[in-house]
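Below: one structure, written as structure tokens.
The values are calculated or read from the model by the stated rules, or taken from the named source; none is laboratory data. Computed from a predicted model, the values in this text were never measured in an experiment. In this analysis, Cβ positions are derived from the backbone assuming ideal geometry, glycine residues included, and neighbour counts consider all displayed protein chains. In case anyone asks, the SASA skips ligands and DNA or RNA and just uses the protein heavy atoms, side chains included. Shrake-Rupley method; radii C 1.70, N 1.55, O 1.52, S 1.80 Å.
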Amino acid sequence: MQAAYVATRSLSRELYERASRVMPGGNTRHSIALAPYPIYARCGRGCRITDVEGDERIDFLNNYTSLILGHADPQVTTAVQHRVVNGTAFTMPTPEDVELAELLVDRVPYVDQVRFCNSGSEAVMLAVKAARAYTGRHKIAKFEGAYHGIYDYVQVSEGPSVDEWGEVDAPASVIDSGTPPSVANDVVVLPWNRLDACRSLLTAHKEDLAAVIVDPMPLGIGMIPARPGFLQFLREETARYRMLLIADEVLNFRRGYQGAAHAFGIEPDLASFGKIIGGGFPVGAVGGSRRVMSVFDHTGKLKVHHGGTFNANPVTVTAGLETMKQMTPDAFDRLNALGDLIRERLARLLRDRGIAAQICGAGSMFLVHLTSEELVDFRSLQGFSRTNPVYGELCHRMLQRGIIISPRGLFGCLSTPMGESEIGAFVEALGQSLSATDEHR
């Protein structure tokens with residue numbers, strides 16, 4: 001299945017050569033980079049993608065979790081087609097954005113009001129700005145290694161190296177290239193799962209912190225689960241000091257019918273949403289309590305101006321509304337049961353082969369760490385995740401066997417068109433890929 005892709009005259013190779021002349025690095029998002037060049041998609045149906053060479057593979061990435069119904073769902077496609085012929089953008093609101101907002105408010109217990117935007121990064125930015133405006137404070141706290149999009153403040157210490165990350169109980173604020181140094185002074189970096197250290201840091205900065213932003217199951221920290229009581233501690237501590245708690249639900253809203261924060265037993269003040277609520281189109285949203293969301297209210301004491309040409313774009317909200325309607329509690333239960341199945345079968349495969357591994361994730365998501373070391377926080381990941389070349393090698397071997405997975409780790413997610421046969425195909429392909437990798441070495 002890789003023969004056409006790696007051929008001298010492959011279309012993917014040709015497209016990448018063209019792309020490299022007009023885009024830096026030949027791509028427009030680093031998350032799809034693949035050596036020596038990416039596989040270009042032609043079309044998708046259900047849980048499968050056909051590339052430009054004509055090869056078909058099962059998609060276990062789903063555009064990094066955003067396609068919970070898979071590709072070209074018939075009902076979503078029909079709804080979008082009906083919407084498109086009646087116009088795609090207006091300088092007026094549409095009934096669809098009201099309906100999607102109502103659905104989210106009805107579904108998520110801690111959300112009273114919603115504002116739409118165009119990406120998860122925008123949603124996080126808006127949540128941070130709202131928290132600052134509401135509290136009158138300027139600093140935020142985030143967890144070392146956590147990814148929250150491309151806003152300067154939340155990118156602090158997203159991927160710090162050993163020589164720059166500082167003490168484990170008081171991580172340094174490490175900025176990315178292109179970020180003003182002053183940004184570091186306004187971000188307190190917390191160590192995941194280290195409760196006492198977090199308590200000390202939050203207490204030390206209690207007068208200045210507007211909010212703590214947390215992903216309840218952070219992909220950037222390898223989906224290492226929060227220790228019992230840790231998320232509840234964050235809720236209690238932020239409330240004690242009148243800081244806001246922001247849940248990043250952009251990726252993890254697919255955790256369950258009411259999202260990840262609810263599934264893990266916390267009620268944040270604000271949350272950022274994205275991915276699945278757009279039904280395959282660019283989307284973002286911020287939602288929360290009425291009192292905090294009032295900072296956006298132009299009929300009251302407006303504090304945060306929020307425009308955006310494509311906010312609540314009718315095509316996006318139509319697709320999102322149809323998608324979310326299909327994701328009933330029963331649909332989530334079925335998909336999450338498949339998630340339990342793949343995690344169980346992966347654990348059995350690795351155990352039977354005597355491979356040191358740990359399975360993280362919940363709901364319809366899974367992530368395999370090839371290590372027996374204790375997984376606590378971001379620093380636990382160094383040496384065997386993200387940059388480990390074995391994952392790139394396994395990615396290519398899985399592609400050869402008809403499975404799409406990330407080259408940056410054994411991470412994947414499921415979509416509703418999948419069943420036990422697709423789970424079986426994944427596990428079998430991984431077993432064969434591991435054997436081939438061992439033989440190669």
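Before moving on, here are some points about what is shown:
- Summed side-chain charge close to Ala247 - residues other than Ala247 whose Cβ falls under 13 Å, Lys, Arg +1, Asp, Glu -1: -2
- Candidate membrane-span-like segments in the chain, meaning DSSP H helices with Cα atoms spread over at least 24 Å of their own axis and a Kyte-Doolittle mean of -1.0 or above, are 329-352, 420-440, with no membrane implied.
- Exposed loop sites here mean GluC sites (Glu not before Pro) with a DSSP loop assignment and at most 15 other beta-carbon atoms within 10 Å; the chain contains its longest site-free run at 208-372.
- Other residues lying with their Cβ under 13 Å from the Cβ of Gly300 contribute a combined charge of +3, Lys and Arg counting +1, Asp and Glu -1.
- Between Thr78 and Gln382, the FRET efficiency estimated from the beta carbon spacing at R0 = 45 angstrom works out to 0.40.
- Residue-averaged [θ]222 nm for the chain, counting only DSSP H segments that reach four residues, each worth -39500 (n - 2.57): -11000 deg cm²/dmol
- Backbone HN-Hα couplings from phi across the stretch 34-40 [Karplus 6.51/-1.76/1.60, Hz, Gly and Pro as x]: 8, 7, x, 6, x, 8, 8
- Note, ³J(HN,Hα) from phi for the stretch 296-305, Karplus 6.51, -1.76, 1.60, rounded to Hz, x at Gly and Pro: 8, 7, 6, 8, x, 8, 4, 10, 10, 6
- Amide H contacts of Val188 (H built 1.01 Å from N, under 5 Å, at least 5 apart or other chain): Ile140, Ala141, Lys142
- Whole-number D in µm² s⁻¹ for the stretch 97-232, Kirkwood Cα-pair radius fed into Stokes-Einstein, 25 °C, 0.890 mPa s: 153 µm²/s
- Sites Ala204 and Glu99, calculated FRET efficiency, Cβ-Cβ separation with R0 56 Å, nearest 0.05: 0.80
- When the Cα atoms of the stretch 201-332 are aligned to their principal axes, the ranges along those axes come out at 46, 39, 23 Å in descending order.
- DSSP beta bridge pairing in the chain, given as percent antiparallel to the nearest 5: 65 percent
- For Gly178, net neighbour charge (Lys/Arg +1, Asp/Glu -1) across residues whose Cβ lies under 13 Å away: -3
- Between Ala239 and Thr91, the FRET efficiency estimated from the beta carbon spacing at R0 = 41 angstrom works out to 0.50.
- For Lys275, the lysines whose Cα comes closer than 28 Å to its Cα, not counting residues fewer than 8 places off in the same chain, are Lys129, Lys139, Lys142, Lys303, Lys325.
- Debye log10 I(q)/I(0) at q = 0.08 Å⁻¹ for the chain, Cα point scatterers: -0.46
- In Å², nearest 10: area of Val174 left accessible to a 1.4 Å probe: 20 Å²
- With 0.36 nm allotted per residue and the present C-alpha distance subtracted, the Arg18-Ala35 stretch has 4.5 nm of extension available.
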